[in-house]
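Asker: Sending over a structure as structure tokens; questions will come in a sec.
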Amino acid sequence: MDDDPRFADFVAERADALLRYGYVLSGNPHDAADLTQEALIRLHRAWSRVRRKQDPESYTRMIMARLHISVWRLRRRERLTWDLPEGLHLDVLPSEAEQGLWQALEGLPRKQRAVLVLRYYEQLTDAEISGVLGISRGTVRSHASLGLNKLRSAVSHPTAANGSAL
């Protein structure tokens with residue numbers, strides 16, 4: 001297979017954003033790098049088809065989400081760390097007030113976390129999330145509702161102890 005310079009340009013331009021996406025999915029810089037690398041390998045194999053028919057970045061993000069799900073299906077365990085990834089970080093870091101939210105997100109079951117990341121970070125619709133995760137739209141809504149309720153109770157609990165409300 002001849003190397004397409006457009007693939008190299010795509011990787012040079014979007015690799016950092018894909019790595020950040022992998023970090024949001026996995027919560028671990030090493031797993032994020034592995035996800036990104038494996039997704040780009042798979043994208044390279046399908047490059048001629050993808051560049052003609054689809055948006056390569058969307059396709060790569062879908063690969064990453066599916067890879068992440070398959071990995072935790074195999075492991076059935078996941079340990080998130082909130083250390084910052086190495087290198088330049090362009091996204092705004094969470095404030096101290098938001099740290100509780102990130103810690104609560106860490107405590108969610110994997111599918112609920114994946115649904116919330118795809119919905120609020122990626123801004124996908126229920127139908128798109130359903131397609132990426134291979135679950136029904138009703139299950140997407142159920143996971144989103146349960147995850148949001150757990151986040152609300154986890155984040156509002158410390159605040160309620162201080163006497164203020166969200």
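Every number in this text was worked out from the coordinates using simple rules, so none of it is lab data. All of these numbers come straight from a predicted model, not from anything done at the bench. Please note: Cβ atoms are built from the backbone with ideal geometry, for glycine as well, and neighbour counts cover all protein chains shown.
Asker: For I129, what charge total do you get from the other residues with a beta carbon under 11 Å from its beta carbon, if Lys and Arg give +1 and Asp and Glu give -1? Before the final figure, lay out each step's value.
Answerer: Numbers: positive: K111, R119, R137, R141; negative: E122, D126, E128.
The answer is +1.
Asker: Stretch E57-I41 to full length: gain in nm at 0.36 nm per residue minus the Cα-Cα span? Display every interim value, and only then the final one.
Answerer: Values: separation 16, 0.36 × 16 = 5.76 nm, distance 1.32 nm.
Contour length minus Cα-Cα distance gives 4.4 nm.
Asker: Give, in nm to one decimal, the length gained when the segment between E98 and N149 is fully stretched (0.36 nm per residue of separation minus the Cα-Cα distance). Each step should come with its number before you reach the end.
Answerer: Numbers: separation 51, 0.36 × 51 = 18.36 nm, distance 1.65 nm.
Separation in residues times 0.36 nm, less the Cα-Cα distance, equals 16.7 nm.
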